[in-house]
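Right, one structure below, let's go through it.
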Amino acid sequence: MKKDLISIKDLSVKEIQDIFTLTDQLKKNKSKFSKALAGKTLVLLFQKPSNRTRVSFEVGMYQLGGNAVYLSPGEINLGVRESIHDVAKTLSRYADAIVLRTFEHQNVLEMAKFAEAVVINGLSDFSHPCQALADIYTIKEKLKTVKGKTLAYIGDGNNVCNSLLFACAKTGMNMNVASPEGFAPEAAVLSEAKKISAGSAEIKIFYDSVEAVKNSDVIYTDVWASMGQEAEAEERKKAFKDFQINAKLVSLAKKGALIMHCLPAHRGEEISADVIDGKNSVVFDQAENRMHVQKAILIKLLKR
Ligand code: CP
Ligand code: NVA
């Protein structure tokens, strides 16, 4: 494995499989791993709010016998109080790994470049690899296989969508993306995802959610305005109004299609309450699996 986990692209297909195999073991036999990372410390350096990412990493570290230190947005004031270089060098003297949640993706790359400690991308404006890995693991758990299945992503071509595109491409899952004009994933991301998949998975872009969900096994969405885009929220509500996952849309997918959302969710916007709270919703399994998959990632990266 590479030193850091910045993007799904950093992982080979085999490494993803190995992470999932270890995740299975961690879920089956939690106590066996209770000292796996004894003496290790993880720093969580967050410039944005978080529930799942912070708590799943902190609790995961605790369950592996290690420690976690959380640094909230105001504490380090990355790049303002101190340069990324100096923060990376200093934290590497104390900690074995750093999870960075930030705005510009460049910040994660810079942190990884200067830190001797392992750096894990805990979400940037560009990507959210830990989320996508937990999502694919969850789909595999529910459907037994991901290869040849189709995920319909309805909404913004954002960080979560980008990482899902790379993760689907790596694991052979087809992905349909439906976004309003102007909000589709970047052309460069699409061409990279297509290159990764090398024909093993199909990636299709739609500007209509109805066409995108047809024959899908999984329907996924995320908020219309991500963290940092709060000022655009009202304008985005108008642009995305026909891109809600609701009962009518779900009825066009395969019967029993899984409903997924990385959370936090806005009921009544990107997803209706009856759908996210319905019987095919696996959103809290996804949230739980964040912790199990990240424990596997931490073991793999810290015990190389
Ligand atoms: N899905 C996710 O990353 O949630 P948080 O923003 O709460 O960490
Ligand atoms: N796209 C969302 C994901 C939150 C987990 C955001 O960046 O705010």
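The values are calculated or read from the model by the stated rules, or taken from the named source; none is laboratory data. Treat the numbers as computed from the prediction; the structure is a model and nothing was measured. Please note: Cβ atoms are built from the backbone with ideal geometry, for glycine as well, and neighbour counts cover all protein chains shown.
Quick one: is Glu116 away from ligand 1 (no atom under 16 Å from the Cβ), in contact with a helix residue (DSSP H, G or I) (Cβ under 9 Å, 6 or more places away or on another chain) and not in a helix (DSSP H, G or I)? Step through it out loud before you land on a result.
Values: away from ligand 1 (no atom under 16 Å from the Cβ): yes; in contact with a helix residue (DSSP H, G or I) (Cβ under 9 Å, 6 or more places away or on another chain): yes; not in a helix (DSSP H, G or I): yes.
Criteria met by Glu116.
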Restricting attention to segment 192-244, which residues are away from ligand 1 (no atom under 16 Å from the Cβ) and in a strand (DSSP E or B)?
Ile203, Lys204, Ile205, Phe206, Val218, Ile219
Among the polar types (S, T, N, Q), modelled with pLDDT of 95 or more, within 16 Å of ligand 1 (Cβ to nearest atom) and not in a helix (DSSP H, G or I) - does that describe any residue in segment 127-140?
yes
Among Leu109, Leu151, the single one that is over 20 Å from Met291 (Cα atoms) and touching a Cys at 6+ places or on another chain (Cβ under 7 Å) is Leu151
Is it the case that segment 7-21 has a residue that's under 19 Å from Glu116 (Cα atoms), more than 16 Å from ligand 2 (Cβ to nearest atom) and at pLDDT 95 or above?
no
Hey, among Val177, Val218, Val160, Val223, which residue is crowded, with 24+ Cβ neighbours inside 10 Å and within 28 Å of Pro73 (Cα to Cα)?
Val160
If you check Leu22, Leu26, Leu91, Leu42, which single one turns out to be in contact (Cβ under 8 Å) with a residue 12 or more places away in the chain and outside any helix (DSSP H, G or I)?
Leu42
Restricted to segment 258-286, and to residues that are small (Gly, Ala, Ser) and within 21 Å of Gly157 (Cα to Cα), which residue is farthest from ligand 2 (Cβ to nearest atom)?
Ser272
How do the pairs read when you match residues in segment 233-255 that are without any contact (Cβ under 8 Å) to a residue 12 or more places away in the chain with residues anywhere that are assigned to a loop (DSSP other than H, G, I, E, B), using Cβ under 6 Å and keeping only pairs 6 or more apart or on different chains?
Ala233/Ala225
Would a scan of segment 128-142 turn up a residue that is without any contact (Cβ under 8 Å) to a residue 40 or more places away in the chain and either buried (at least 20 other Cβ atoms within 10 Å of the Cβ) or closer than 22 Å to Ser226 by Cα (or both)?
no
With respect to the numbered conditions (1) more than 16 Å from ligand 1 (Cβ to nearest atom); (2) more than 21 Å from Glu141 (Cβ to Cβ); (3) among the aliphatic types (A, V, I, L, M), which one is the sole condition not fulfilled by Ile19?
(2)
Of the residues in segment 150-166, how many are touching a strand residue (DSSP E or B) at 6+ places or on another chain (Cβ under 7 Å) and in contact (Cβ under 8 Å) with a residue 60 or more places away in the chain?
7
Scanning segment 50-82 for residues that are more than 23 Å from the chain's Cα centre (by Cα) and in a helix (DSSP H, G or I), which turns out surrounded by the most Cβ atoms within 10 Å (Cβ to Cβ)?
Ile76
If you check Ala225, Ala212, Ala233, which single one turns out to be modelled with pLDDT of 95 or more and touching a Lys or Arg at 6+ places or on another chain (Cβ under 6 Å)?
Ala225
Within the group Leu109, Leu151, Leu91, which residue is hydrophobic (A, V, I, L, M, F, W, C) and closer than 27 Å to Glu230 by Cα?
Leu109
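Table: residues versus (1) among the charged types (D, E, K, R); (2) within 12 Å of ligand 1 (Cβ to nearest atom); (3) part of a loop (DSSP other than H, G, I, E, B).
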{"residue": "Ala253", "(1), (2), (3)": "no, no, yes"}
{"residue": "Asp274", "(1), (2), (3)": "yes, no, no"}
{"residue": "Lys279", "(1), (2), (3)": "yes, no, yes"}
{"residue": "Ala287", "(1), (2), (3)": "no, yes, no"}
{"residue": "Met291", "(1), (2), (3)": "no, yes, no"}
Name the pairs: first residue in segment 67-88 and on the phi > 0 side of the Ramachandran plot, second residue modelled with pLDDT of 95 or more and outside any loop (DSSP other than H, G, I, E, B), Cβ to Cβ under 8 Å, at least 6 apart or on different chains?
Gly79/Asn107
Is segment 82-104 home to any residue that is modelled with pLDDT of 95 or more, of a type in the set (D, E, K, R) and within 12 Å of ligand 1 (Cβ to nearest atom)?
yes
Among the residues of segment 180-191, write down those that are outside any helix (DSSP H, G or I) and touching a strand residue (DSSP E or B) at 6+ places or on another chain (Cβ under 8 Å).
Ala184, Pro185
